[in-house]
1. Could you give me the residue pairs with C-beta distances under 6 Å whose first residue belongs to the stretch 111-134 and is farther than 24 Å from P163 by Cβ, whose second residue is hydrophobic (A, V, I, L, M, F, W, C) wherever it lies, and which are 6+ apart or on separate chains?
2. From R89, R164, R104, which residue is farther than 23 Å from T259 by Cα and buried (at least 16 other Cβ atoms within 10 Å of the Cβ)?
3. Which strands (runs of 3 or more DSSP E) sit wholly inside the stretch 173-260 and have at least 1 residues that are more than 14 Å from the ligand (Cβ to nearest atom) and more than 18 Å from I156 (Cα to Cα)?
4. Given the condition more than 14 Å from the ligand (Cβ to nearest atom) and of a type in the set (A, V, I, L, M, F, W, C), answer yes or no: does some residue in the stretch 139-150 qualify?
5. Go through the stretch 123-138 and count every residue that is within 6 Å of the ligand (Cβ to nearest atom) and either out of contact with any Ser or Thr (no Cβ under 9 Å at 6 or more places or on another chain) or not charged (D, E, K, R) (or both).
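Read the figures in this text as sums done on the coordinates, not as results from a lab. Note that the coordinates shown come from a computational prediction; the quantities given were computed from them, not determined experimentally. Here the Cβ positions follow ideal geometry from the backbone for every residue, glycine too, while neighbour counts run over all protein chains shown.
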Amino acid sequence: MDSDQWKLASLQYLEHLGKLGIRHLPKPSAKLQDMLVEWKSVDPVIKPAVASKAKPPSTPVTSAPPAKIPMGPPVESPWLTPAKNPQERTAALSELKVKVEACRLCHELACQRKQTVFGVGPVTTRFVMVGEAPGAEEDRIGDPFVGPAGQLLDKILIATGIPRDQVYILNTIKCRPPGNRVPSDSESENCRPFLEAQLEILQPDYIVCWGAVAVRAILGTTEPIGRLRGRFHWYKKTKVLVTYHPSYLLRAPEAKKLTWEDMKTLMRELGTLKP
Ligand code: URA
C-alpha cells in the first residue's frame, strides 16, 4: 500500500467506525488524514514506494469518490474472545469500580481528584493497554487516554490496525497525580491490587505496557524500557509487550519509530503485519 491508499483506507475505516457510533476515535478530518500519514511515515518501510512516486495516479486520490468497502457477513473479531462469562466479568468489574471510587489510600490524590478513572473497554477483549495515570482531561472526563497522549495512542492503534473500542484501556494508578507528576512507589503499591484485580477479571491474552510505571507494576522491574522492549515478557499466563509511553513520544518524537517497531512485533505475533 502506498501512502495515498493507506490514507484512503484509514478514512474509510474511520467513517465505518463513526457509522457504528464508536466513541473516542477522532473524526476523519483533513487534519487527521495528514496526522495519520505523518505517524506512519516514521516507518521507513511504509514510506511511499519510489515506483508510485514516479507514476502518480491520473486522478488524485483525494478527489476520487470513496471506493466501497465490501461488507461481508459479520466475522468474529480477532480482538475479542468468546468469553464464557461476560455477565460475571461485567458484574465483577462494576463491584471493583465502586471500591476504586471509595479508595482514599493516597490522601493527596484522593483530595485533589475530580474522579477516579477506572478503565474502559469490552470485558471480552484479548488485549489490555496499561498506561500510567490519568492526566487533567482524564480526571475531568473519567476515561483513560482522552487527552493529548490519548490522541497519539489513537493514532498508534489505528496504524497498528487495533480498533480502540475492542481493547480494554486502563491505568496503573486510578487517580490523577497533581500536576501530572510521576506517581510515587507507594501510590503504585496502593493501587496495584486494583490493577491486579482488573487483570484477573479480564484474563487478557496480551498486555501492552505503555511506559515505565506500567512496566514496574506489571513486570515488577525497574529495567529501562530500552532493554525490555522488542520481545514478549510474561505476566502470569499473559504475554506482555513493553513500549514507550505516548506522553514520552510527544516529548521525544524520534522514539516513535521504536514504538512503531514494537507495534510491528505485536502485528507479527498476530499475523497481521503485511509484508
Ligand atoms: N492519560 C492516561 O489515561 N494515562 C496515561 O498514562 C497518560 C495519559
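1. Listed pairs, sorted by first residue: R113/C175; T116/V100; T116/C175; A133/I173.
2. Just one listed residue meets the conditions, R89.
3. Hits in the stretch 173-260: 233-235, 238-243.
4. no
5. So the count comes out to 5.
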